[in-house]
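The values are calculated or read from the model by the stated rules, or taken from the named source; none is laboratory data. Please read these numbers as outputs of a predicted model, since none were measured by experiment. When we count neighbours, we look across all protein chains shown, and the Cβ atoms used for this are built from the backbone with ideal geometry, even at glycine. Surface areas here come from the heavy atoms of the whole protein model, side chains and all, with no ligands, DNA or RNA. Shrake-Rupley method; radii C 1.70, N 1.55, O 1.52, S 1.80 Å.
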Amino acid sequence: MIQHIKTAEATRRTRDGQDAQVRQTVETILGDVQQRGDEAVRDYSAKFDQWSPAAFRLSQAQIDACIAALSAQALADIRFAQAQIRRFAQIQKSSMHDVEIETLPGVVLGHRNIPVNSVGCYIPGGKYPLIASAHMSVLTAKVAGVPRVIACAPPFEGKPCNEIVAAMHLAGADEIYCLGGVQAVAAMALGTDSIAPVDMIVGPGNAYVAEAKRQLFGRVGIDLFAGPTETLVICDDSVDAELVAVDLLGQAEHGPTSPAWCVTTSRRIAAELPAAIERVLGRLDTAAVAGSAWRDWGEIILCDSDEEALAEAERLCSEHVQVMTRDPDWYLQRMTRYGALFLGARTNVSYGDKVIGTNHTLPTRGAGRYTGGLWVGKFIKTHTYQRVLTDEASVAIGEVCSRLCALEHLAGHKEQADIRVRRLSGVA
């Protein structure tokens, strides 16, 4: 039987009022940027980030200065992480093939995989400088073959963040802007006098950035709709409560509304975890945020079996799922609803977030039911084409098409087929 040892207090709260306020604010900013362009962008940047430079786009000299400010070790670590992400993205791309086949005598069908022409990447950096988001978005788009990739990140401590700028540049960004928030997303999507619009916006962000992407979807493509970071640890008694606590709080520190769930088949883990959480919080600089998230959004769910644990995991459909059991592959073979899996105690979500090679931009709020995360294929459009090589083939297809169009009462469609049947078969 499933027992809820700790429930999430915040799940009983309504966020309708907050969501409505976010929607209204974002709608106002987008409309203003649409009308006033660069002037509006500058006003909002000054208002929200206290940032109004001569130009938001960084010059090569500014980029070089950011890179020069980093230690050799920091640059080596960024390059190492990007090498892993590039390698896996290249492997993913190699799995995608153009196809062409003659399906009937004289009928050729095919598809081509074509990169999006331009992409705007948003890299969060106001609260934490999320360097890895540059790898995950800019680098992956470049591996996909996107010709123009621009990147925006807000100022950090009153200036461009050296680490983020270096990561953007090393990832291959064609244009780099020190610009944050809704105004950055609006400028990239809608375009201004100084920023040409893009075809697609990707990257994580706060509630306002996420809402901007939602409102702009259709005008531009997006990667996915993102909410607060979520993490789920599935464990048995093969691990200890401290390790579980670290892995829960390591993601809860993203923000005070980040859910952290423990689903366990171990009564010992369920009993010891609350105290372990408090001990780990005592050594984290981010304890205020992580502790708030755990208090309001954390859950401990005790299950009698792996089958019950699986059912709970599928119900929660978490962005990150860490499986620390004796047989993690049991879950790999059975789970269908999640963002990304981290199998075994030797790995963890932080590895995936920063360096191991998979992409960390993942579905939240149950979106893992219908989509995976960002990957090289998100930047590639698959377009079909068809070619009919002989008169006989066109007549054979046309006769069937004509009859099907008649069933649908579409006279114009029917005539498209009939005119070819008449001309190519020699029937007047």
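With every protein chain present, what accessible area does Glu272 have (1.4 Å probe, heavy atoms only), rounded to the nearest 10 Å²?
Looks like 90 Å² after rounding.
Determine which residues of the range 139-176 fall in the zone a paramagnetic label at Ser59 would reach in this model, i.e. backbone nitrogen under 16 Å from the point 7 Å along Cα→Cβ.
Only 160, 176 fall inside the zone, counting backbone N under 16 Å.
When the chain is modelled as a GNM with alpha-carbon springs shorter than 10 Å, which of Leu30, Leu243, Leu130 fluctuates the most?
Ranking Leu30, Leu243, Leu130 by mean-square fluctuation puts Leu243 first.
Using amide H atoms built in the peptide plane, which far-off residues or other-chain residues are under 5 Å from Leu232 H to H?
Amide H neighbours of Leu232: Trp261, His320, Val321, Gln322.
Whole-Hz Karplus ³J(HN,Hα) for the range 379-390, in order, using 6.51 cos²θ - 1.76 cosθ + 1.60 and θ = phi - 60°, x for Gly and Pro?
Once rounded to whole Hz, the list reads 8, 10, 9, 9, 10, 8, 8, 9, 9, 10, 8, 10.
So which trypsin sites (Lys or Arg not before Pro) in the range 1-80 end up in coil per DSSP with only 14 or fewer other C-beta atoms within 10 Å? It would help to have the intermediate numbers written out before the result.
Details: sites: Lys6, Arg12, Arg13, Arg15, Arg23, Arg36, Arg42, Lys47, Arg57, Arg79; in loops: Arg13, Arg15.
Within the range 1-80, the qualifying trypsin sites (Lys or Arg not before Pro) (loop, at most 14 other Cβ atoms within 10 Å) are Arg13, Arg15.
Whole Å is fine, so just give me how far the alpha carbon centre of the range 184-238 lies from that of the range 371-413.
Their Cα centres are 33 Å away from one another.
Which one of Arg295, Arg369, Arg387 has the biggest mean-square fluctuation once the chain is modelled by GNM with Cα springs under 10 Å?
Arg387
What spacing in nm lies between the two simple spin-label points modelled at Ala83 and Tyr385, each 7 Å away from Cα in the Cβ direction?
Using points 7 Å along Cα→Cβ, the separation is 3.9 nm.
With labels modelled as points extended 7 Å from the Cα through the Cβ direction, what inter-label distance (nm, one decimal) is found for Ala411 paired with Thr336?
Label at Ala411, label at Thr336, 4.7 nm between them.
Kindly write out, for the range 145-151 in residue order, the coupling ³J(HN,Hα) from the Karplus curve 6.51 cos²θ - 1.76 cosθ + 1.60 (θ = phi - 60°), rounded to whole Hz, with x marking Gly and Pro.
Per residue, the Karplus-derived 3J(HN,Hα) values read x, 5, x, 10, 10, 10, 9 Hz.
Show Tyr177, Tyr128, Tyr370, Tyr351 ordered by accessible area, largest first, where the area counts protein heavy atoms only and the probe is 1.4 Å.
Result of the area sort, largest leading: Tyr370, Tyr351, Tyr128, Tyr177.
Need the full-extension length gain, Arg112 to Arg365, defined as separation in residues times 0.36 nm minus the C-alpha distance. One decimal, nm.
Additional length available on full extension: 87.8 nm.
Extending each Cα 7 Å along its Cβ direction at Asp304 and Arg279, get the distance between those two points in nm, one decimal.
My value for the distance between the label points is 3.1 nm.
What is the percent carbon and sulfur in the accessible area of the range 147-205, measuring with a 1.4 Å probe over the protein chains and ignoring ligands?
The value for the range 147-205 is 49 percent carbon and sulfur by accessible area.
In whole percent, how big is the carbon plus sulfur part of the accessible area of the range 254-410, probe 1.4 Å, protein atoms only?
53 percent
Could you state the accessible area per residue of the range 362-414 in Å², with a 1.4 Å probe and every protein chain left in place?
63 Å²
Take the solvent-accessible surface of the protein heavy atoms, probe 1.4 Å, and return the percent of it on the range 28-87 that carbon and sulfur atoms account for.
54 percent
Taking a ≥ b ≥ c as the square roots of the eigenvalues of the Cα gyration tensor of the range 293-366, is the shape rounded (a/c under 1.5), prolate (a/b larger than b/c) or oblate?
Verdict is oblate for the range 293-366.
Given a 1.4 Å probe, how much area per residue of the range 48-168 is accessible, in Å²?
Values: 5590 Å² over 121 residues.
Using a 1.4 Å probe on heavy atoms only, each residue of the range 48-168 averages 46 Å².
Based on the Kirkwood radius over alpha-carbon pairs, what value in µm²/s does the Stokes-Einstein equation return for the translational diffusion coefficient of the range 196-309 at 4 °C and 1.567 mPa s?
Values: Rh = 15.6 Å.
Answer from the Stokes-Einstein relation: 83 µm²/s.
Would you mind telling me which residue in His413, His97, His360 has the biggest mean-square fluctuation in a Gaussian network model of the chain, where springs connect alpha carbons within a distance under 10 angstrom?
Maximum fluctuation in the GNM of the chain, among the listed residues, is at His413.
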